[in-house]
1. Within 17 Å of B:ALA18 (Cα to Cα) and free of Cβ contacts under 8 Å to residues at least 60 places away in the same chain: does that describe B:GLY213?
2. Mind listing whichever residues of segment B:19-36 are within 14 Å of the chain's Cα centre (by Cα) and either surrounded by fewer than 24 Cβ atoms within 10 Å (Cβ to Cβ) or among the acidic types (Asp, Glu) (or both)?
3. Within segment B:62-74, does at least one residue satisfy the condition of being free of Cβ contacts under 8 Å to residues at least 60 places away in the same chain and within 23 Å of C:LEU24 (Cβ to Cβ)?
4. Looking at A:ARG303, A:ARG297, which one is touching a Cys at 6+ places or on another chain (Cβ under 9 Å) and open to solvent by 10 Å² or more (accessible area, probe 1.4 Å)?
5. Among the listed residues B:VAL203, B:VAL148, which satisfies the condition of being within 14 Å of chain C (Cβ to nearest Cβ) and of a type outside the set (Phe, Trp, Tyr)?
6. Step by step: first the residues of segment A:103-122, then only those that are of a type outside the set (Phe, Trp, Tyr) and in contact (Cβ under 8 Å) with a residue 40 or more places away in the chain, then the one that is surrounded by the fewest Cβ atoms within 10 Å (Cβ to Cβ). Which residue is that?
7. Name every residue in segment A:1-30 that is open to solvent by less than 20 Å² (accessible area, probe 1.4 Å) and among the small types (Gly, Ala, Ser), in order of residue number.
8. Every residue in segment C:31-58 that is facing chain B (nearest Cβ under 10 Å) and open to solvent by less than 20 Å² (accessible area, probe 1.4 Å), please.
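The values are calculated or read from the model by the stated rules, or taken from the named source; none is laboratory data. All of these numbers come straight from a predicted model, not from anything done at the bench. No Cβ is skipped: glycine too gets one built from the backbone with ideal geometry, and neighbour counts run over all protein chains shown. The area values use the complete protein model at the heavy-atom level, side chains included, leaving out ligands, DNA and RNA. Shrake-Rupley method; radii C 1.70, N 1.55, O 1.52, S 1.80 Å.
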Amino acid sequence: MSMKVNIVGAGVAGLSLAWQLVQQGVEVEMFERGARVGEKACSWFAGGMLAPWCEAENAEPVVLEYGKESLAWWQNALGESFVDAKGTLVFAQQRDKKELKRFARRTQAYEVVGHDVISSLEPDLASQYQEALFFKDEAHLDPRKALIRLTEVVQALGVKINFEQEVEPEDLLPEKVVDCRGYNAAKTVQSLRPVKGEMLLVKTNEISLSRPVRLLHPRIPLYVVPRDDQHFMIGATMIENGHGHQFSVRSMLELLGSAYALHPSFAEAEIIEMGVDLRPAFIDNLPRVERDNNIWRINGLYRHGYLLAPYMAKLAADSIISDTHEIEKLADFKIKEDRA
Amino acid sequence: MLEVYGEKFTNRLLLGSAQYPSPAILSESIKQSQSQIVTVSLRRESGGDLAGQAFWQIIQDLKLKVLPNTAGCYTVKEAVTTAHMAREVFNTDWIKLEVIGEEDTLQPNVFELVEAAKVLVEDGFKVFPYTTDDLIVADKLLQTGCEVLMPWGAPIGSGRGLNNPYALKTMRSHFPDTPLIVDAGIGVPSHAAQAMEMGFDAVLLNTAVAGAGDPVAMAKAFNLAIEAGLLAYEADPIDARDMAEPSTPMMGKAFLS
Amino acid sequence: MKIYLNGVETTVDHTKLEAVLIQLGYQEVTIATAINGDFVPLSLRKNTQINEGDKLEVLAPMQGG
C-alpha cells in the first residue's frame, strides 16, 4: 500500500518536499492559502541565489556544507536550463575597500580578480571596479520561475495542490502532515521569529549583468540579481523587529542608493515592484525539521530558502518514509565548539 | 569590584546586544564575555508579530543586569520619553543616556545631554550619560546628579580605539572618584586593555564583538583583555622612558674583554 | 476611528488605550506606550482616552549597543 502525505504550504519548503516525496513513490496532497503559486510565499520575494560560500561569511558552517548540494538538486528537479551556474562577483566601493578584504578573510573558494577578468565576466561593470572576488562555483535561479516550474513538475507527477485552502495541520490528522507554512506557523512554533526583508524589482536597458553581484555595505547584505527581460532584483534588507508589510523610506534609500552606487545606470531604471515579507528564523538562524507524532514541521529557512530547502526536504522525507523520530539537527558548530 | 549606583559587579565589560549574526551567537557571546551588564534598546512592536518578545526572553534567560539605552534620540524630549518607556519595559531605573547631535559621527549633543540628564535624575533615574571627553561637560553632568560618566573612545562603531588618550587620561585624573566607563569606538581587545591600564573602571562595547568573524571567541578575548588591563593598572605600571635602562643587574658582571 | 499605530494608519473600535491595545493584539506582552510623543504608563492605560488621528507608539525590547 502506498503512503499518503499532506503538506500545508506550497512555498519553496513545501514544494521541495513534495518533489522529494513523489520521487520515492509517496502520494502527496498540498494545501495552500494563496490563490496561485507564490502569492503568499516569502520565497516569491527571494533572491534565488545558490551562494553558500558567500553566505558562509556570517552563517554557520553547516549552511555551506549542505547548501553546496542545492545546485545539483535544483538542476535535477527543474532541468538544467533553470539554473545559471555562472558564479557570484563581490565588489566594494573604493571607500569600503577594507570590507572586501574582510569578506575575503571570512570566506573561501573565491579568486581575487582584476580588471581583465571583470571585463570579460561583466563588461558593464569594468569601468567602475578594478578588483572583485569571484566565487565561480555559485549559481542562481529565478525564484518565481522556479516555484512555478516546480509546481508544474510535481503536479505532472500526480501531486494534488488545493489553492485558497488555509488549513491547520491538526485538521488533517490522523493522516501524515507536514507543516511548511513559514512564518505563518508562528502561532504553533513558538520559537520562530520574523526577520523582515524588503526587495525591489527594477528594469533598465542601460546595463546588463550575467550573474548575481554583491556590493559590500556596512548595514545590509546588498545584491543585484539579473532576471529575464532586463529586470534586476535588488535585495535585501534584514530587519530584526520586522513588523508589517510596509516598505520604509529608509530601506528604499539604502537599496536604491546602493544599486546606484554599484552602477550609475540604475538611476534611470524603472521601478517595477516593491516586495516585503517576513523570513521565518529560529534562534541560530538555521532551519529545522521537527516531528510531533504524525505532524512534521520544516521551518526556519531564514534567508536560505532555495539554498537549504532541498536538504531539509531530504531530511523530512527520510524521516517520514522510514517512520523515524531520529532527525538530524543542523548543529550550530560555531557556538558548540569547546572554548574552555 | 566595579561599583555604580550602589551595585557591585566583579566583571568590568559592558556588552551591547546588537548586530550579532544570530540570537544564538548573541547569547553565547554574552556568556563567554562574562559580562554582567548588557545594553538593550526599544523599538516599535507590531501586534501581529511581537518580534521583540523573543529577544527579551533570550536576555531574561541570561539573568543579567540590563542597561537600556536611548539610542537614536536627537532631542531632550525624545530621550526623556524613551527613558520612561524603557523604565517600564525593563523594570529598571538605569538608563544609558544617548542624545545624538549629528549623523556622520553620532557625536553626543552635550548641551541636550546635560539637559536630559537633569530631567531624568529628577525623575529618579540612574543615568549613564554617553558623553565626550570634555571636562566641563563632565562636570555639568555630575552636577545634575549623574554618578557615572561614559566618555567616548571614538565614534560609535568606528573601531578606532582611544582617539584621544591624553584627554581620557586627563579626565581620569580630574575625576579620581567617579566611575568612568569608556563607551564606543573600541575595535580590538588591546584598546579595551589600554583604557583599563589608564585606570578606567569599565569598558562598554558592541560592534567589536558582534562584527567579528567569530563573535564568541572575540567576547572571550575582550574579557581577558579587560581583566589584564585592570590587573596591570592595579600593579602600578612603570613609566615610559626615553633611554634604555638595563634590566639585568650590572653589579658583579665578569670582565672578559 | 483612525489612529496612527507606529506610524501606520490603523482603524480601531475603542477609545481607551487598554482596549485598543487588546484589539491590536498586544496581550500579556512586554511593551511600553506613548501617545503623541508622551509616555503613557501601564497604570494609566485603562483610563487613557485615545482620539481620532492620535499617534500611538508601541515599543518593545530590542537589540541595542
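1. yes
2. B:GLN36
3. For segment B:62-74, residues free of Cβ contacts under 8 Å to residues at least 60 places away in the same chain and within 23 Å of C:LEU24 (Cβ to Cβ): absent.
4. A:ARG297
5. Answer to the selection: B:VAL203.
6. The residue in question is A:GLN108.
7. Those that are open to solvent by less than 20 Å² (accessible area, probe 1.4 Å) and among the small types (Gly, Ala, Ser): A:GLY9, A:ALA10, A:GLY11, A:ALA13, A:GLY14, A:SER16, A:ALA18.
8. Result: C:ILE31, C:ALA32, C:THR33, C:ALA34, C:VAL40, C:VAL58.
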